[in-house]
Every structure is written in structure tokens, then in C-alpha cells.
Amino acid sequence: MADNALFEFLHMEIVAHVYKEQATREDIDKERVTCVSTLELMGFRVGQGLIERFTKDCPTFKDDLDIMKFLCKDLWSTIFKKQIDNLRTNHQGTYVLQDNKFALLTQFSSGKQYLEEAPKYLAFSCGLIRGALSNLGLESVVTAEVSLMPSCKFQVVIQKL
Amino acid sequence: MAVCIAVIAKENYPLYIRSVPTQGELKFHYTVHTSLDVVEEKISGVGKALADQRELYLGLLYPTEDYKVYGYVTNSKVKFVIVVDSSNTSLRDNEIRSMFRKLHNSFTDVMCNPFYNPGDPIQSKAFDSIVSTMMVQAC
């Protein structure tokens, strides 16, 4: 993969662009919701494509936990050059992925400054995780929370049919 | 050299199916459809063989009197099916595997194309040309 900085800059611009587009329209209430959805959908499609490419040479996954481990180790290392620091599960379909130094947030601050702006920059990554899982056969809902930059937690709830 | 190549989506509908036009296409559609059952059986066998490291290549699915059908499934549950002529006995396992590898690579490229929506029929010319190189030349 090319230098990380390229993707980080592109990502910042994408977020800024989506918000600027939305600001030209009248309705301010719906603004945040539609922007976050747009970013999440972008991440979803990218996640699907990435998974296709990265699992080309892997053997089939045995179960959900195996898939989550692949996501935390291989996928995260390839995209963000590091692994997820902590994976917790309740063995009933809920997983919490904790990254203590999330690549897309390191440039913002190392504490509480700019905390309100952080969710915008996590939407794409949530979509990425959801797209990756969807292409591997797991429908899920992914949310992110951040309390202290640059560490953040992604919560994945697998939807069992 | 294949007589028919098909790509089937996760939900078991065909994304791409192409056969040598001199023979009845309907017969190939039917053969591919019935081979799906065998594929499902092989995939569901994963849970039982615990220590087994599952491969993506499924091997010979079933032979009929005229044709042999080979299968391959990706991690995103997209299935590739290749039908070859039984009379062509010179085709070894390795060659079939390499055909599937090429198909998989080509499919990955289609997937990463931003103009392609997952789930739509495949219309990429690049994918078509890869498939043509693998098909029997129509006389």
C-alpha cells in the first residue's frame, strides 16, 4: 500500500466535501444524519471490494470469531498498518474492537480537544467494517465511540436472521 | 479448455454465464443449476471437518457422461463453476486450479470497479476477454 498520509488526506477531504455539499441545502437538522450516512455507505462499498481482494488467498473461515480475528489482524494491518489492540466479545454476537491509536484520529489531538468533531471521521471506517462483514456473509450494525483521542472503540452487533 | 463458465452470486442466482454457442445453452444452464446442490453440500461440510483447513477449490463436483463439472467458492460465497468436455482427458487438476485462479483475480478486479454494483450481472469487457481465453474456440 502507498504511504498512509495519502489516504489520511483524501479521507479528510472527503469528509469536508460531504459536509460542504450538505451545508448548501436548507435543512440543518437532517444535515448530520445524511452526511454520516453518505460516508458510511462509501465505506461500505470500499469494504466489500477490499475484502474480495484480501481474502483471495485465505482458506474459508470457520466461524464468526475467526472472521472478527481476521478483521482485527490482517485487514486492519493492511489498511492502517497496525492491528486492533483489544477485541472483546460476549459470545452472543456483540464484539467491541478497541484501537488505542486510530490512524485517522492521531493528527487531531491526544486528549479531549475536538472530541465533538471525531464521529464524522469515524463514519467511513464504520462503513468499512460493515461492508467487509457483509461480503463475508455477516449482516451487522457498527457504531463507534470515542472518549479520549486518539483511541476509539467500534461496536459490532451481528444480526442473526 | 472449458465448454461453459458460470459465476454465481451468494444468493444463488447467476451473475455471469457463458457457454460455447454451438451446443444448447439451456442444457448448460441446467447443469450449472444442479451443480449448485453439490457445492452447497461441500460448503456445509466445513463445520464437521474441524481441524481441516478448507481450501477454496472444491474439485470435481460430478461427472456426467459428456461433461465434468468443477467448482470453486470464494470467501464471499461467490461460486465459480467450470464445465469441461469429458473427451478432453488431457486437462489436469493443476490446469483447472489455474483457470479458477485467473477467474478469481478477474472477478476481484470487477468487484473493485466503482461502476459495478455488487449483485448486478457482470458486464465488464475485461472479464469477458479473460473468459474467452479459457473457452473452447467455437468452430
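A few notes on this one:
- For B:92-100, mean number of other protein chain Cβ atoms within 10 Å: 0
- Chain A: relative contact order in percent, alpha carbon pairs under 8 Å with at least 6 residues between: 27 percent
- The separation of the range A:77-137 from the range B:65-139, counted between C-alpha centres, amounts to 36 Å.
- Prolate/oblate/rounded label for the protein assembly as shown (Cα gyration tensor, a/c 1.5): prolate
- Which listed pairs, of A:Lys81/A:Lys160; A:Lys56/B:Lys68; A:Lys101/A:Lys160; B:Lys27/B:Lys125; A:Lys73/A:Lys101, have C-alpha distances above 20 Å, in listed order: A:Lys81/A:Lys160; A:Lys56/B:Lys68; A:Lys101/A:Lys160; B:Lys27/B:Lys125
- Most to least packed among B:125-131, A:151-157 [average Cβ atoms within 10 Å]: A:151-157, B:125-131
- Degrees between helix A:4-23 axis and first principal axis of chain A (Cα, 0 to 90, nearest 10): 50 degrees
- Cubic angstrom per residue, convex hull over Cα atoms of the range A:108-157: 62 Å³
- Rounded tilt (10° steps) of A:29-54 against the dominant C-alpha axis of chain A: 30 degrees
- Other residues within the sphere of radius under 12 Å centred on the Cβ of B:Val3, judged by their own Cβ, net out at 0 (K and R +1, D and E -1).
- Each stretch of four or more DSSP H residues adds -39500 (n - 2.57); spread over every residue of the protein assembly as shown, this sum gives -14000 deg cm²/dmol at 222 nm.
- Sorting B:113-120, A:98-105 by average packing, meaning the other beta carbons within 10 Å per residue, from highest down gives A:98-105, B:113-120.
- In terms of packing, defined here as the mean over residues of other Cβ atoms within 10 angstrom, the peptides A:124-132, B:64-72 line up highest first as A:124-132, B:64-72.
- Panel order for B:Glu40, A:Glu40, A:Glu116, by other beta carbons found within 10 Å of each beta carbon, from fewest to most: A:Glu116, B:Glu40, A:Glu40.
- In terms of surrounding Cβ atoms within a 10 Å radius of their Cβ, A:Lys112, B:Lys102 rank from fewest to most as A:Lys112, B:Lys102.
- Degrees between helix A:118-135 axis and first principal axis of chain A (Cα, 0 to 90, nearest 10): 30 degrees
- Of the residues A:Ser140, B:Ser86, B:Ser35, the one with the fewest other Cβ atoms within 10 Å heads the list, and the complete ranking is B:Ser86, A:Ser140, B:Ser35.
- Per-residue mean of foreign Cβ neighbours for A:51-59 is 6 (Cβ atoms of other chains, 10 Å radius).
Every read-out reported here was derived from the displayed coordinates using simple, explicitly stated rules and does not represent laboratory data. Every value quoted in this text rests on a predicted model; they were computed, and no experiment measured them. A quick note on method: Cβ atoms are made from the backbone with ideal geometry, for glycine too, and the neighbour counts reach across all protein chains shown.
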